1. To check you understand DSSP bridge types, tell me what percent of the beta bridges within the range A:28-119 (both residues inside) are antiparallel, rounded to 5.
2. Just name one of B:Q70, A:V55, B:P136: the one whose Cα is farthest towards the positive end of the charge dipole of the protein assembly as shown (beta-carbon charges, Lys/Arg +1, Asp/Glu -1).
3. Along the Cα→Cβ direction, 7 angstrom out, place labels at A:E34 and A:T48. What is the inter-label distance in nm?
4. In degrees, nearest 10, range 0 to 90: what is the angle between the Cα axis of helix B:122-133 and the longest Cα principal axis of chain B?
5. Give the Kirkwood hydrodynamic radius (Å, one decimal) of the protein assembly as shown, defined as one over the mean of 1/r across all pairs of different Cα atoms.
6. Kindly provide log₁₀ I(q)/I(0) values, in the same order as q = 0.10, 0.14, 0.18, 0.19 Å⁻¹, from the Debye equation applied to equal alpha-carbon scatterers of the range B:1-124.
7. Connecting C-alpha atoms closer than 10 Å in a GNM of chain B, tell me which of B:A138, B:A77, B:A28 has the biggest fluctuation.
8. Applying 1/(1 + (r/R0)^6) with R0 = 25 Å to the Cβ-Cβ distance of A:D63 and A:K113, what FRET efficiency is obtained, to the nearest 0.05?
Amino acid sequence: MKMKYMLVPLLLIGAAFVPLKSNVRAQDSPRRIEITAKQFSFEPSEITVKKGEPVVLVIKSADVAHGLRFRDLNLNVKIDKGGTAELPFTPDKTGDFVGQCSVFCGSGHGGMKMTMHVVN
Amino acid sequence: MCVLALAGLAGCKATAPGKFETGVLTFAKHHVFVGNKKEKNPLPDNHDTWNDGKEAFSHYCVACHGMDGQNTGVPFADRLSPPIPPLTSKDVQSYTDGQLKWILDYGIKPSGMPASKGILSDDDLWSIIVYIRHLPPAGSQGVPDIYTH
């Protein structure tokens, strides 16, 4: 008898902790963009990302050490010879941003560039 | 013919130019040949840029200019014609930033100063100019590795 009277309140209390609809979403995984760095170019040479959307640039060196620097976005990463490096960021402004190789890699280093378009 | 040939050979020696030649060419470089006088350095003149410039300078500039930009440890600095000037000299420091960028981009003929446009990035070159404006004391950076072994 006592158990029956205890059960209903317990069920009601328990139900209060079961959400009807979950408001918690798993955080969206950042978008991963693979880039190959080689003497003396980045492939792809242009990418487009969205303002406010987390991105990870996954940069692989096909030969010597390279770097990728977007001065206007305060982003810089170095990639070891034959290695891979990741550059996570969330763009906070729109525009066209030029990235430059930031590790001296040979005679064409000065012209080794890529463009990132940040759109709404 | 022999006299002319000998004179020609003597003329090929890398001896230091005379005062007149130096004066004329210095004036010509500063006021006629070296362009881009008015362009300003887009990079901030701060310690980060200086460090970037020092790093970029170390790629190959040190082979002729030494690590301090004042020829320390460079065995042939005064054996070129014209000799390599210390980058602290008035001749160099009196160029504007834009002119220094022009020199780095295109080099100077007939000196051994090479054209670095496309080899080093614009950022590299502008940061080197900040380094040149604030060179460390002569001898404080040691000798380039290539000359120590």
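Derivation of every value follows stated rules applied to the coordinates shown; laboratory data play no part. Here the structure is a predicted model, which means the values were calculated and not measured. Using ideal geometry, Cβ is built from the backbone for each residue, glycine included, and neighbour counts are taken over all protein chains shown.
1. Percentage antiparallel, nearest 5: 65.
2. So the residue we want is A:V55.
3. Distance between the two pseudo-spin positions: 2.2 nm.
4. Result, in degrees: 80.
5. Across the protein assembly as shown, the inverse of the average 1/r is 22.8 Å.
6. Treating every Cα as an identical point scatterer, log10 I(q)/I(0) equals -0.37, -0.70, -1.09, -1.20.
7. In the Gaussian network model the winner is B:A28.
8. The calculated FRET efficiency here is 0.90.
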